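Since the structure comes first, as C-alpha cells, the remarks are kept for the end.
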Amino acid sequence: MIPIETPYKVIKYLVKISEEKTLPKNYENETLILHFVERGYLTSSGDRTKKYSKTYLFEKPFVDEVLPSFQKYNSFIKKHRIESLENHYSVNDFEALIQVENNRAKILNDNYSFQTILAKYFGSSKHRKVNSILSDAIKKILNIDFFPEDDKDQQYLSVLYPKIETKYIILCENKNRLIVPRLDFIEFWFAGGKNTRQLQFIPKPKFPILYLFDWDFDGLNIYTDIKRKYLPTIAAFIPDNFISLMEKQEKVKEHHSKWKNRNFFQYLTEKEKEIAGILIETDSIIEEQKILLNENNLLRNGIN
C-alpha cells in the first residue's frame, strides 16, 4: 500500500522508471522509494550510483500498487484540469479532493467557505491561501467562480437600467451583457455567474424576468436552481430558431460542461424540455453569447 503522505510526483517518477528502466536518482528519502530500494525493486547504477534502475522484481509491485494509484489520480487530474497540483500535493491531498468532488452538492448547498473545506477535508485550514493553486483546483472541482469569502462585491447585484423605464428584467449569466448600450425598456441584472446566492436578498421582481444563459448541463442546472430557490416566476430566454445556434460539445473550445443526466427536467416547461432534449440527444449546446437580443428573439419571449 502506498503511504498517504507520498507526493504524487513520486508516483509519476516510478511510472517513468517503469517506462524507461533507468533514471537519474530522485526522491531518495521518500518512504515509497526507500521501500522499493530495500526490497530490491530498484537498484543504484551508473557512475557513483547516481541512477536508479528497475530490477526484475520491479513490475509486480509496480502493477499491483503504484500503477492503479497513478491511473486513479491522473484521470482525476485530467478530468478537472488541475495539472498545477501534480508537483506539490500528496496522495492524501488528492484523496481529500476526491471527497470534495463526491460531496459537491452538500458543500454548495451549505455554502462552505474555503477555510471550512480545508478544515473538514484536509484536517486544517492553516497555511493555505485563498488565492493558492489548491483553492483554484477546488473551484474547478466544485465548478464555481469564487468562494463565499473571496470577494465582498459578489454580495451585490449588478444592474444596467433601461433608457426609459423598466418593463422587463433579463438576468444574465455573462456580465458582458451589461457592458452594452442601454435598451428602452429592459433592465439587465448580473448576479455572479454560477454563484447566485445573493438573489435570496433581492425583493420580489415587479416585472417579468427571464434568464439568459448557456444551454448546457451547468447552465440548465443553475437556471432551475434559481427557479427553485429564489425566483419562482423566472423563465428561460428562448432563442428563436434555436436549431441554427446548436453546436456539438466537442467542437466548442474550453467547454467542460458535459451532459450527465436529466434530473433538472422536472423543473422545466414543455418548451424548455423540448430544447434540452434535442441538445442532449445530439450532444450539442447553445452558447449564451450567440443568442441575439434582436426583435425576433425579444418578441419570441414576450418582450415588445
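What follows draws every value from the coordinates through simple rules; no lab data is involved. Here the structure is a predicted model, which means the values were calculated and not measured. Heads up, the Cβs are rebuilt from the backbone with ideal geometry, glycines too, and the neighbour counts pull from every protein chain shown.
Quick one: Cα centre-to-centre distance for the range 204-281 and the range 39-80, in angstrom?
46 Å
Between the helical axis of 67-80 and the dominant principal axis of the chain, each derived from Cα atoms, what acute angle in degrees is found, rounded to the nearest 10?
Around 20 degrees separate the two axes.
Return, ordered by residue number, the residues of the range 74-110 whose backbone nitrogen is under 14 Å from a label point located 7 Å along Cα→Cβ of ASN261.
Backbone N within reach: 102-106.
Given only helices, namely DSSP H runs of n ≥ 4 each adding -39500 (n - 2.57), what is the per-residue ellipticity at 222 nm of the chain, to the nearest 500 deg cm²/dmol?
Helix contribution divided over all residues of the chain: -10000 deg cm²/dmol.
Anything over 31 Å Cα to Cα? Flag those among LYS72/LYS258; LYS9/LYS175; LYS163/LYS251, in the order listed.
Pairs exceeding 31 Å: LYS9/LYS175; LYS163/LYS251.
Once the Cα atoms of helix 133-142 and of the chain are each reduced to a long axis, what angle between those two axes, in degrees from 0 to 90 to the nearest 10, is obtained?
Taking the Cα atoms of the chain, the angle to 133-142 is about 50 degrees.
Measuring from label point to label point, each 7 Å out along Cα→Cβ, what is the GLU5 to ASN176 span in nm?
4.8 nm
Between the DSSP loop rule and a limit of at most 15 other Cβ atoms within 10 Å, which trypsin sites (Lys or Arg not before Pro) in the range 205-262 are left? Working shown, then result.
Values: sites: LYS206, LYS227, ARG228, LYS229, LYS248, LYS251, LYS253, LYS258, LYS260, ARG262; in loops: LYS206, LYS253, LYS258, LYS260, ARG262.
Answer in residue order: LYS206, LYS253, LYS258, LYS260, ARG262.
When the chain is modelled as a GNM with alpha-carbon springs shorter than 10 Å, which of GLN115, GLN266, GLN289 fluctuates the most?
Per the Cα network of the chain with a 10 Å cutoff, GLN266 tops the list.
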